[in-house]
Number of protein chains: 2
Amino acid sequence: MQISRFQQLIAERYLKRDADRGSPATFMWFIEEVGELATALAQNDKEKLPGEFADVFAWLCTLANINGVDIEKACVSKYSGKNDKGYK
Amino acid sequence: MQISRFQQLIAERYLKRDADRGSPATFMWFIEEVGELATALAQNDKEKLPGEFADVFAWLCTLANINGVDIEKACVSKYSGKNDKGYK
(Lines give C-alpha, C1' and ligand atoms only; values in the text may rest on other atoms or scores of the structure.)
Protein backbone atom coordinates (compact mmCIF):
# COMPACT_ATOMS: atom_id res chain seq x y z
CA MET A 1 0.00 0.00 0.00
CA GLN A 2 1.27 3.46 -0.87
CA ILE A 3 2.08 5.75 2.07
CA SER A 4 -0.22 8.36 0.52
CA ARG A 5 -3.06 5.84 0.12
CA PHE A 6 -2.89 4.89 3.79
CA GLN A 7 -2.86 8.57 4.81
CA GLN A 8 -5.87 9.12 2.55
CA LEU A 9 -7.67 6.10 4.01
CA ILE A 10 -7.20 7.55 7.50
CA ALA A 11 -8.45 10.93 6.26
CA GLU A 12 -11.56 9.39 4.69
CA ARG A 13 -12.47 7.68 7.92
CA TYR A 14 -11.42 10.15 10.58
CA LEU A 15 -10.58 13.61 9.24
CA LYS A 16 -13.77 15.39 10.23
CA ARG A 17 -13.61 14.34 13.87
CA ASP A 18 -9.82 14.68 14.01
CA ALA A 19 -9.93 18.22 12.58
CA ASP A 20 -12.62 19.23 15.07
CA ARG A 21 -10.40 18.00 17.92
CA GLY A 22 -7.39 19.97 16.71
CA SER A 23 -3.64 19.35 16.82
CA PRO A 24 -2.90 19.61 20.56
CA ALA A 25 -5.60 17.16 21.66
CA THR A 26 -4.83 14.84 18.75
CA PHE A 27 -1.15 14.92 19.68
CA MET A 28 -2.04 13.68 23.15
CA TRP A 29 -3.83 10.67 21.70
CA PHE A 30 -0.91 10.06 19.35
CA ILE A 31 1.32 9.95 22.43
CA GLU A 32 -1.05 7.50 24.10
CA GLU A 33 -0.46 5.17 21.14
CA VAL A 34 3.31 5.76 21.38
CA GLY A 35 3.02 4.70 25.03
CA GLU A 36 1.22 1.51 24.07
CA LEU A 37 3.99 0.80 21.56
CA ALA A 38 6.56 1.36 24.33
CA THR A 39 4.73 -1.14 26.54
CA ALA A 40 4.62 -3.76 23.79
CA LEU A 41 8.34 -3.21 23.05
CA ALA A 42 9.32 -3.38 26.72
CA GLN A 43 7.36 -6.60 27.16
CA ASN A 44 8.55 -7.93 23.78
CA ASP A 45 4.90 -8.72 23.08
CA LYS A 46 5.18 -10.16 19.58
CA GLU A 47 1.41 -10.55 19.29
CA LYS A 48 0.57 -6.93 20.06
CA LEU A 49 3.55 -5.23 18.38
CA PRO A 50 2.25 -5.09 14.77
CA GLY A 51 -1.03 -3.48 15.81
CA GLU A 52 0.75 -0.93 17.98
CA PHE A 53 3.03 0.08 15.10
CA ALA A 54 -0.04 0.42 12.86
CA ASP A 55 -1.82 2.56 15.46
CA VAL A 56 1.14 4.92 15.88
CA PHE A 57 1.41 5.36 12.12
CA ALA A 58 -2.37 5.89 11.80
CA TRP A 59 -2.29 8.68 14.40
CA LEU A 60 0.80 10.16 12.77
CA CYS A 61 -1.23 10.27 9.54
CA THR A 62 -4.06 12.00 11.37
CA LEU A 63 -1.69 14.67 12.70
CA ALA A 64 -0.38 15.14 9.16
CA ASN A 65 -3.90 15.31 7.73
CA ILE A 66 -5.04 18.08 10.05
CA ASN A 67 -1.82 19.99 9.35
CA GLY A 68 -1.85 19.67 5.57
CA VAL A 69 1.31 17.55 5.37
CA ASP A 70 1.80 14.82 2.74
CA ILE A 71 3.92 12.22 4.56
CA GLU A 72 4.88 10.33 1.40
CA LYS A 73 6.08 13.49 -0.30
CA ALA A 74 8.02 14.45 2.85
CA CYS A 75 9.63 10.99 3.07
CA VAL A 76 10.63 10.95 -0.59
CA SER A 77 11.97 14.47 -0.33
CA LYS A 78 14.03 13.78 2.79
CA TYR A 79 15.11 10.15 2.35
CA SER A 80 15.07 9.21 -1.33
CA GLY A 81 18.32 10.95 -2.14
CA LYS A 82 20.98 11.54 0.41
CA ASN A 83 21.28 9.91 3.76
CA ASP A 84 19.49 12.15 6.24
CA LYS A 85 18.39 10.18 9.28
CA GLY A 86 20.40 11.47 12.21
CA TYR A 87 22.82 8.98 13.67
CA LYS A 88 23.07 8.84 17.41
CA MET B 1 6.10 5.00 -2.47
CA GLN B 2 4.93 1.79 -0.82
CA ILE B 3 5.05 1.71 2.99
CA SER B 4 7.10 -1.49 2.73
CA ARG B 5 9.54 0.10 0.27
CA PHE B 6 10.20 3.00 2.62
CA GLN B 7 10.71 0.62 5.55
CA GLN B 8 13.12 -1.37 3.37
CA LEU B 9 14.98 1.77 2.32
CA ILE B 10 15.47 2.65 5.99
CA ALA B 11 16.67 -0.91 6.68
CA GLU B 12 19.16 -0.80 3.81
CA ARG B 13 20.69 2.38 5.13
CA TYR B 14 20.50 2.02 8.88
CA LEU B 15 19.65 -1.52 10.06
CA LYS B 16 23.12 -2.62 11.07
CA ARG B 17 23.75 0.34 13.35
CA ASP B 18 20.15 0.45 14.57
CA ALA B 19 20.20 -3.26 15.47
CA ASP B 20 23.49 -2.86 17.36
CA ARG B 21 21.94 -0.03 19.39
CA GLY B 22 18.88 -2.11 20.32
CA SER B 23 15.24 -1.24 20.96
CA PRO B 24 15.44 0.79 24.19
CA ALA B 25 18.15 3.20 22.97
CA THR B 26 16.50 3.46 19.55
CA PHE B 27 13.17 4.22 21.21
CA MET B 28 14.79 7.15 23.00
CA TRP B 29 15.93 8.62 19.67
CA PHE B 30 12.48 7.99 18.20
CA ILE B 31 11.07 10.03 21.06
CA GLU B 32 13.56 12.80 20.37
CA GLU B 33 12.09 13.03 16.86
CA VAL B 34 8.57 13.00 18.31
CA GLY B 35 9.65 15.94 20.46
CA GLU B 36 10.89 17.83 17.42
CA LEU B 37 7.54 17.16 15.74
CA ALA B 38 5.79 18.53 18.84
CA THR B 39 7.89 21.69 18.66
CA ALA B 40 7.12 22.21 14.97
CA LEU B 41 3.39 21.63 15.62
CA ALA B 42 3.32 23.98 18.61
CA GLN B 43 5.07 26.69 16.61
CA ASN B 44 2.99 25.89 13.51
CA ASP B 45 6.28 25.85 11.61
CA LYS B 46 5.06 24.99 8.11
CA GLU B 47 8.59 24.84 6.74
CA LYS B 48 9.88 22.29 9.25
CA LEU B 49 6.72 20.19 9.65
CA PRO B 50 7.11 17.87 6.61
CA GLY B 51 10.67 16.90 7.56
CA GLU B 52 9.67 16.24 11.16
CA PHE B 53 6.83 13.93 10.06
CA ALA B 54 9.30 12.11 7.77
CA ASP B 55 11.82 11.73 10.60
CA VAL B 56 9.24 10.30 13.01
CA PHE B 57 8.10 7.80 10.39
CA ALA B 58 11.71 6.88 9.55
CA TRP B 59 12.50 6.14 13.19
CA LEU B 60 9.23 4.23 13.54
CA CYS B 61 10.42 2.10 10.61
CA THR B 62 13.75 1.53 12.35
CA LEU B 63 11.99 0.34 15.50
CA ALA B 64 9.89 -1.99 13.35
CA ASN B 65 12.97 -3.26 11.48
CA ILE B 66 14.85 -4.24 14.60
CA ASN B 67 11.71 -5.93 15.96
CA GLY B 68 10.80 -7.85 12.83
CA VAL B 69 7.53 -6.01 12.21
CA ASP B 70 6.20 -5.29 8.71
CA ILE B 71 4.38 -1.96 9.13
CA GLU B 72 2.53 -2.18 5.80
CA LYS B 73 1.22 -5.64 6.62
CA ALA B 74 0.19 -4.42 10.08
CA CYS B 75 -1.59 -1.36 8.63
CA VAL B 76 -3.45 -3.37 6.01
CA SER B 77 -4.41 -5.97 8.59
CA LYS B 78 -5.68 -3.43 11.11
CA TYR B 79 -7.13 -0.66 8.92
CA SER B 80 -8.07 -2.04 5.49
CA GLY B 81 -11.24 -3.64 6.66
CA LYS B 82 -13.14 -2.51 9.66
CA ASN B 83 -12.77 0.81 11.36
CA ASP B 84 -10.29 0.29 14.16
CA LYS B 85 -8.62 3.58 15.09
CA GLY B 86 -9.71 4.40 18.61
CA TYR B 87 -11.89 7.45 18.92
CA LYS B 88 -11.22 9.77 21.77
So which residues in region A:44-71 are in contact (Cβ under 8 Å) with a residue 60 or more places away in the chain and more than 7 Å from every other protein chain (Cβ to nearest Cβ)?
A:70
How about region A:18-34: which of its residues are facing chain B (nearest Cβ under 7 Å) and aliphatic (A, V, I, L, M)?
A:34
For region A:25-43, give me the residue count where each residue is touching a Phe, Trp or Tyr at 6+ places or on another chain (Cβ under 9 Å), in contact (Cβ under 8 Å) with a residue 12 or more places away in the chain and charged (D, E, K, R).
1
Being small (Gly, Ala, Ser), closer than 18 Å to residue B:37 by Cβ and open to solvent by less than 20 Å² (accessible area, probe 1.4 Å) is the filter here; which residues of region A:49-73 pass it?
A:58, A:64
Within region B:6-28, tally of residues that are among the aromatic types (Phe, Trp, Tyr) and modelled with pLDDT under 95:
1
Regarding residue A:75, is this residue more than 24 Å from residue B:25 (Cβ to Cβ) and in contact (Cβ under 8 Å) with a residue 40 or more places away in the chain?
no
Of the residues A:37, A:41, which is under 21 Å from residue B:35 (Cβ atoms), open to solvent by less than 40 Å² (accessible area, probe 1.4 Å), at pLDDT 95 or above and within 7 Å of chain B (Cβ to nearest Cβ)?
A:41
Against the conditions (1) surrounded by 14 or more Cβ atoms within 10 Å (Cβ to Cβ); (2) modelled with pLDDT of 95 or more, where does residue A:46 fall short? Just the number, please.
(1)
Test residue A:6 against the stated conditions and say whether it is more than 7 Å from chain B (Cβ to nearest Cβ) and open to solvent by less than 10 Å² (accessible area, probe 1.4 Å).
no
Sole miss for residue B:22 among (1) free of Cβ contacts under 8 Å to residues at least 12 places away in the same chain; (2) on the phi > 0 side of the Ramachandran plot is condition (1)
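The values are calculated or read from the model by the stated rules, or taken from the named source; none is laboratory data. What you see is a predicted model, and the numbers here were worked out from it, not measured in a lab. As a convention, Cβ positions derive from the backbone with ideal geometry for all residues, glycine included, and neighbour counts pool all protein chains shown. Surface areas here come from the heavy atoms of the whole protein model, side chains and all, with no ligands, DNA or RNA. Shrake-Rupley method; radii C 1.70, N 1.55, O 1.52, S 1.80 Å.
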